[in-house]
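One structure is given here, and the rest of the page talks about it.
Read-outs: derived from the displayed coordinates by stated rules, not from any lab. In this text, all values refer to a predicted model and were calculated from it rather than measured experimentally. Neighbour counts run over all protein chains shown; Cβ positions are idealised from the backbone, glycine included.
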Amino acid sequence: MQMTNGQWLRHHRFKAHIGLKRLAAMIGLDFTWISRIENDRAQPQPQYIRDWALAIGCDPDELFYRYGYMPPDLCEVLRNKPELRTDLRELVKG
């Protein structure tokens, strides 16, 4: 059975031996929000994802993708290179 995003976050937080309140302090979120996110009752906002991923020892891009966000550095590349947007659209269409 595949883990939900919240279960995945909790699993990696436990692996990193980080408590809920400690993680909250590390990333600047209230621990109740982290609990809601880990229980799949809320979704993290993009501005917290990179710090959260790094705190629990995960690749930030993985966490961005899990929640349907594009990593900021890729957004910047696509913003500055419109020709890549066209290429990407073609890849997605197959």
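Our helix-only sum for the chain, with -39,500 (n - 2.57) per DSSP H run of n ≥ 4 divided by its residues, gives a mean residue ellipticity at 222 nm of -20000 deg cm²/dmol. How many angstrom separate the Cα center of the range 3-47 from the Cα center of the range 67-92? Using only Cα atoms to place each centre, the spacing works out to 28 Å. Magnitude of the charge dipole for the range 5-93, about its Cα centre and with charges confined to Cβ atoms of Lys, Arg (+1) and Asp, Glu (-1), is about 320 debye. Once the mean of 1/r is taken over each pair of separate Cα atoms and inverted, the range 5-93 shows a Kirkwood hydrodynamic radius of 14.1 Å. The chymotrypsin sites (Phe, Trp or Tyr not before Pro) found in the range 1-39 include none that occupy coil by DSSP while having at most 12 further C-beta atoms within 10 Å.
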